[in-house]
Amino acid sequence: MTARALFAGWGIQAKLQPLGSGRINDTWLVPDESVVLQRINQEVFHRPLQLMESVVRVVRHLNAGQSGWVPDLVPARSGAMFHEQGDGVYRIWRFVQGVHASAVRTVADEMVMRHAGWAFGRTQVLLRDLPPPRLPDAIDNFLRLGCYLDEFDREDATTLGDLPKALDAGRTLAEEFREPNGYIHGDCKIDNLLFNSEGGVAAVLDLDTVMWGHWAWDFGDLVRSAAAREGRVSLPRFEALTRGYLEGVGEVRDPGMLAAAPRYVALMLAVRFLTDHLRGDVYFKVHAHGDNLARGKVQLKLLRSMTEQADDLVRAAELAVRG
């Protein structure tokens with residue numbers, strides 16, 4: 001069905017190679033054509049055509065603000081930026097040459113982190129003047145910790161032992177970053193960047209969750225995904241990410257909020273993983289039941305360590321703010 005979609009939508013007959021390790025959409029490289037085919041996960045994105053309307057707007061706006069900032073979409077033979085058939089909605093992206101962060105270790109680690117922070121901060125700036133109407137949320141209540149806690153509380157969590165108590169310890173975080181204040185990337189992970197061989201950012205990827213949100217949801221997820229090592233945050237990485245992010249947005253942020261943002265995201269993800277585990281793994285891809293439980297435990301361990309590191313993280317943020 002996938003090869004059929006490629007031909008029916010774009011008139012391309014070519015071999016496909018699975019690409020990446022994303023947990024949501026299905027993605028294939030079409031090497032002979034230098035394009036990437038994706039099938040949108042409609043279990044996650046319930047309104048795929050509305051999603052594509054938003055993604056097209058975002059891609060055009062970002063690349064108008066800074067050429068080549070994100071990959072371009074390839075129009076289907078119909079003229080639309082997607083192709084719909086029985087097994088789903090497909091789209092094609094132009095392939096961008098680059099590597100993930102793990103492949104640029106020949107470059108100083110803190111330099112890569114600084115470039116990553118700058119790229120996502122710059123993305124928030126480029127999105128500020130996105131013309132109305134405001135983008136609809138691709139996923140209802142996405143990244144809103146209070147809503148996820150409400151969902152978790154409706155599940156029978158008796159099989160989780162003492163884990164609900166660990167969630168209770170962080171519930172006050174739901175109030176700290178509740179009010180949206182601007183457009184964000186919405187999936188601000190270092191794996192959603194491509195780097196060149198010098199450690200600079202070649203492209204920003206994965207635009208499905210660009211939305212009206214809180215800047216700290218982005219920054220917190222970036223720190224959690226890029227600076228955590230063996231269950232603790234690397235302070236040099238955190239400081240480098242913070243310096244880059246502040247350079248990218250061109251504004252000062254409160255050091256306490258910069259230090260607390262990754263705790264918010266770690267707790268939010270723990271709640272989401274545990275809720276999905278209780279519901280039978282209907283959202284995140286798993287190899288076996290129990291994967292989401294394990295993921296939730298990892299995030300709770302990280303939350304505990306970041307809480308222990310709170311003073312050190314604030315001091316590192318203060319250094320970054322001072323420049």
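Laboratory data are not the source of any read-out in this text; all were calculated from the coordinates shown. Being a predicted model, the structure only gives us computed values, none of them experimental. Please note: Cβ atoms are built from the backbone with ideal geometry, for glycine as well, and neighbour counts cover all protein chains shown.
The angle separating the long axis of helix 291-308 from the principal Cα axis of greatest extent in the chain is about 40 degrees.
Taken one residue at a time, the phi angles of the range 177-187 give Karplus couplings (6.51, -1.76, 1.60, θ = phi - 60°) of 10, 7, 8, x, 9, x, 6, 10, 5, x, 9 Hz. Gly and Pro are set to x. Once both axes come from the Cα atoms, what is the angle between helix 109-127 and the longest principal axis of the chain, in degrees from 0 to 90, rounded to 10? With both axes taken from Cα atoms, the answer is about 70 degrees. The modelled label-to-label distance between Glu53 and Gln66, using points 7 Å beyond Cα along the C-beta direction, is 2.9 nm.
Distances between placed amide hydrogens fall under 5 Å for Ala203 paired with Leu194, all partners being 5 or more residues away or on another chain. Counting charges near Arg57 (Lys, Arg +1; Asp, Glu -1) among other residues having Cβ under 13 Å from its Cβ returns a value of -1. Gain on full extension, evaluated as 0.36 nm per residue between Arg322 and Thr158 minus their Cα-Cα distance, stands at 54.3 nm. Potential lengthening of the chain between Lys297 and Ala80 amounts to 73.9 nm, from the contour at 0.36 nm per residue minus the alpha-carbon distance.
Around Pro236, what is the net charge, scoring Lys/Arg as +1 and Asp/Glu as -1 over all other residues with Cβ under 14 Å from its Cβ? The answer is +2. Rounded to the nearest 10 degrees, the angle from helix 310-322 to the longest Cα principal axis of the chain is 70 degrees. Each residue of the range 150-156 was assigned a 3J(HN,Hα) from its phi angle through the Karplus curve 6.51 cos²θ - 1.76 cosθ + 1.60 (θ = phi - 60°); the sequence is 4, 5, 4, 5, 7, 8, 7 Hz, with glycine and proline shown as x. Each part gets one Cα centre, and for the range 203-251 versus the range 1-63 those centres are 26 Å apart.
For Leu19, the residues whose amide H sits under 5 Å from its own are Thr27, Trp28, Leu29, ignoring neighbours fewer than 5 places away on the same chain, with H placed 1.01 Å from N.
By how many nm would the segment from Val99 to Ala169 grow when fully extended, if each residue of separation counts as 0.36 nm and the alpha-carbon distance is taken off? Going from the current span to full extension adds 21.4 nm. Counting only residues at least eight positions apart within a chain, or on another chain, the lysines with an alpha carbon under 17 Å from that of Lys165 are Lys297, Lys301. Across the range 130-137, rounded Karplus estimates of 3J(HN,Hα) from the backbone phi angles (6.51 cos²θ - 1.76 cosθ + 1.60, θ = phi - 60°) give 4, x, x, x, 5, 4, x, 5 Hz, Gly and Pro being marked x.
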